[in-house]
């Protein structure tokens, strides 16, 4: 699959659309006889491994968690970073409040995830496609959310993937005689895999959260502050027009920061990286 096609499919997922041939599936799709999801005990226990560590890491004179959530992570990204205008206003109280909010969101997520798993386990053989696919889509959302939450959630991500695979096996069985529907399911599976690979990069997960702490006004500064790997993943979220706007803003921000006496060689490298990705994307549009 070409990069343009991948980006198109990803944008569909990010916009909340799933090309699932619903009109073809909903009329006759039920869980097949003998369909069995994993027992809840096999999956629910994963949540117990996902509490954030109370340890903190000293960054200058503020203690940051080694595995923070999205709010605390964004404050760490901004702290004493001249690319952001309000960096001097960050204090220990703000960091503590952000950490508490992240941990409260984690607690809420774990309760929600347990309930969602139970819904999946309780599916009946006569469950129709709307119910099945709604659970599947909410599991996909859980994957992205847990990528951004404080702590290590590999076990939950594995549980989500396992449940989605079992559910989609049932969906495919119900659509076995419909090649068009099966093709749509293949397309959605490819988009979901791409989406999850990108979400595994924490910076991308932060960006695509519904309530992302990274506002539009701070997007460019955040891109210039991240690692090469994180930026490479994040830039796949944008089309050529958006990349062009990001590059222009990034160039202006780096120049402005340099005039203020901050060289920031890492930001210079990210600017070159954005320029290179834009050049490739522009050439592909020209060819197509």
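The values are calculated or read from the model by the stated rules, or taken from the named source; none is laboratory data. In this text the structure is predicted, and so the values were computed from the model without any measurement. Reconstructed Cβ throughout: ideal geometry from the backbone, glycine too, with neighbour counts over all protein chains shown.
Things to note:
- Restricted to the range 119-136, and to residues there that are surrounded by 16 or more Cβ atoms within 10 Å (Cβ to Cβ) and within 20 Å of the chain's Cα centre (by Cα), the residue that is nearest to residue 174 (Cα to Cα) is 133.
- In this entry, residue 230 passes the filter for residues that are modelled with pLDDT of 90 or more and either touching a strand residue (DSSP E or B) at 6+ places or on another chain (Cβ under 8 Å) or within 30 Å of residue 264 (Cα to Cα) (or both).
- When residue 101 is tested against (1) buried (at least 17 other Cβ atoms within 10 Å of the Cβ); (2) within 23 Å of the chain's Cα centre (by Cα), only condition (1) is not met.
- Taken over the range 40-78, the criterion of being at pLDDT 95 or above and not in a helix (DSSP H, G or I) is satisfied by 68, 69.
- Residue match in the range 73-86 (condition: closer than 26 Å to residue 197 by Cα, out of contact with any helix residue (DSSP H, G or I) (no Cβ under 7 Å at 6 or more places or on another chain), surrounded by 15 or more Cβ atoms within 10 Å (Cβ to Cβ) and free of Cβ contacts under 8 Å to residues at least 40 places away in the same chain): yes
- Some residue of the range 184-202 being surrounded by fewer than 17 Cβ atoms within 10 Å (Cβ to Cβ), without any contact (Cβ under 8 Å) to a residue 40 or more places away in the chain and either under 18 Å from residue 103 (Cα atoms) or touching a helix residue (DSSP H, G or I) at 6+ places or on another chain (Cβ under 6 Å) (or both): no
- Qualifying residue in the range 274-282 (condition: out of contact with any strand residue (DSSP E or B) (no Cβ under 8 Å at 6 or more places or on another chain), within 22 Å of residue 85 (Cα to Cα) and either surrounded by 13 or more Cβ atoms within 10 Å (Cβ to Cβ) or modelled with pLDDT of 95 or more (or both)): yes
This table checks each residue for (1) out of contact with any helix residue (DSSP H, G or I) (no Cβ under 8 Å at 6 or more places or on another chain); (2) in the same structural domain as residue 143 (by TED's automatic domain parsing); (3) within 26 Å of residue 160 (Cα to Cα).
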residue	(1), (2), (3)
205	no, no, yes
237	no, no, yes
244	no, no, no
252	yes, no, no
265	yes, no, no
273	no, no, no
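- Selection status of residue 33, modelled with pLDDT under 95, within 30 Å of residue 162 (Cβ to Cβ) and in contact with a helix residue (DSSP H, G or I) (Cβ under 6 Å, 6 or more places away or on another chain): no
- Criterion violated by residue 253 - all others in (1) buried (at least 19 other Cβ atoms within 10 Å of the Cβ); (2) in contact (Cβ under 8 Å) with a residue 60 or more places away in the chain; (3) over 15 Å from residue 219 (Cα atoms) satisfied: (3)
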